[in-house]
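To start, the structure under review is shown below, and the notes come after it.
No value in this document is a laboratory result; all are computed from the given coordinates. As the structure is a computational prediction, the values presented were derived from the model and not from experiment. Cβ sites come from the backbone with ideal geometry, for glycine too, and all protein chains shown count toward neighbours.
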Amino acid sequence: MRKQIVAGNWKMNNDYVDSELFVSKLLNVLKHTNAEVIIAPPFTSLLASSNSVKGSKVIVAAQNMHFAENGAYTGEISAGMLKSVGVKTVILGHSERRAYFNETDALLAKKVDAALAHNMRAIFCFGEELEDRKSGNEEAIVEAQIKNALFHLPAAAWDHIVLAYEPVWAIGTGETASPEQAQDMHAFIRKTIADQYSSDLAAKVSILYGGSVKPANAKEIFSKTDVDGGLIGGAALDVEQFTAIINAF
């Protein structure tokens, strides 16, 4: 059975003190849930957050990492460095990394390989822009992003891959993606994986929805057959909202 996952991406928010307060509040209010709960603090809070969640159901992830083991990459963080502070899950390919830092499918394939080489789990993000959706090219764009970065992997590697579909056109643009649009794309993604590998493998892959999930729409979105949870942005910065989304399962 596929994992139900709610992952909160804090982006460039919450300093050390804010992070500790958030984790403390979350652990106090988070009760029984069958969903896997992930938080992705900034690098400066990874060690403290990892220590704080020990023994709980909450998992700490990094928001990014470099593909190299070490070297002259000023300001970058390697997979080994993340693992040394207890982090074994990393978000890769987020739409903001692609847009602001020019991350390409080829670069992301190297990052995925580096994460897997360290036995880490990758939450791999992808999705189309507004112009792609309006021109009807959304499926072709999504298919290419998945194939270019992930289809070189052997089937066994997919045990360490979680997918996160981000309809970039529906994030902070005033446009709205319906739960039905989310389901349609998730079903297409699963079919794309099945065509390359097998229907059994595709059925095991958790596919998260990253299009402005909030407490008001989480239950309906999560009820869709091929939606296995959410990659949450803004709402993940508020303990009450984030917990409400988790409880939507």
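In the set (1) outside any helix (DSSP H, G or I); (2) surrounded by fewer than 17 Cβ atoms within 10 Å (Cβ to Cβ), the condition left unmet by ASP226 is number (2).
THR243 meets all of the listed conditions (1) outside any helix (DSSP H, G or I); (2) in contact with a Leu (Cβ under 9 Å, 6 or more places away or on another chain); (3) closer than 22 Å to MET12 by Cα but one, namely (1).
Within region 207-216, restricting attention to residues that are surrounded by fewer than 20 Cβ atoms within 10 Å (Cβ to Cβ) and not basic (Lys, Arg), the residue that is nearest to the chain's Cα centre (by Cα) is PRO215.
For region 24-82, a tally of residues being under 21 Å from GLY233 (Cα atoms), of a type in the set (A, V, I, L, M), part of a helix (DSSP H, G or I) and in contact (Cβ under 8 Å) with a residue 40 or more places away in the chain returns 3.
Table: residues versus (1) of a type in the set (Phe, Trp, Tyr); (2) within 23 Å of VAL37 (Cβ to Cβ); (3) in contact with a Gly (Cβ under 7 Å, 6 or more places away or on another chain).
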site: PHE101; (1), (2), (3): yes, no, no
site: LYS110; (1), (2), (3): no, no, no
site: PHE124; (1), (2), (3): yes, yes, yes
site: LEU130; (1), (2), (3): no, no, no
site: ALA156; (1), (2), (3): no, no, no
site: ILE171; (1), (2), (3): no, yes, yes
site: SER178; (1), (2), (3): no, no, no
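Each residue in region 131-189 was checked for being aliphatic (A, V, I, L, M) and in a helix (DSSP H, G or I), and 16 of them qualify.
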